[in-house]
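Colleague: Here it is: the structure, laid out below.
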Amino acid sequence: MKRSPSVERRKEARVPVSGAMQLRQTGAALGPFQGQLLDVSPLGFRIRHDRLALASGQLVDFEWAGRSGQARAMWTRIFGQEAETGFHIVRTDA
């Protein structure tokens with residue numbers, strides 16, 4: 001069954017934000033990359049970036065505004081030479 005794109009499936013409220021976020025694919029030989037933060041929720045965030053090979057399930061280490069940790073890519077949409085990815089935070093560093 002095909003889902004309607006207008007159906008809201010998020011379980012948490014998201015807050016629009018902006019700013020650069022530094023990321024590195026966990027365990028990958030590729031260097032770090034930057035993403036532009038679009039919104040955050042208590043357990044996740046969404047960014048726009050140019051790492052087109054980032055796939056669902058992959059882990060990244062992230063740093064943003066004094067916060068750092070690890071997050072799992074839940075979905076990615078590609079728009080030409082840019083992608084948008086939603087992440088679920090799996091660990092934050094103290």
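The values are calculated or read from the model by the stated rules, or taken from the named source; none is laboratory data. All values reported here derive from a predicted model rather than from experimental measurement. Positions of Cβ are backbone-derived with ideal geometry, glycine not excepted, and every protein chain shown enters the neighbour counts.
Colleague: Name the one entry in Ser18, Ser68, Ser56 that is among the hydroxyl-bearing types (Ser, Thr, Tyr), in a loop (DSSP other than H, G, I, E, B) and surrounded by 10 or more Cβ atoms within 10 Å (Cβ to Cβ).
Modeller: Ser56
Colleague: Quick one: in the range 76-94, which of the residues that are among the hydrophobic types (A, V, I, L, M, F, W, C) and in contact with a strand residue (DSSP E or B) (Cβ under 6 Å, 6 or more places away or on another chain) is farthest from Lys11 (Cα to Cα)?
Modeller: Ala83
Colleague: Could I ask something else about it? Just checking, how many residues over the range 49-66 are at negative phi and of a type in the set (Gly, Ala, Ser)?
Modeller: Of the residues in the range 49-66, 3 are at negative phi and of a type in the set (Gly, Ala, Ser).
Colleague: Go through the range 7-56 and give me each residue that's charged (D, E, K, R) and at pLDDT 90 or above.
Modeller: Arg24, Asp39, Arg46, Arg48, Asp50, Arg51, listed by residue number.
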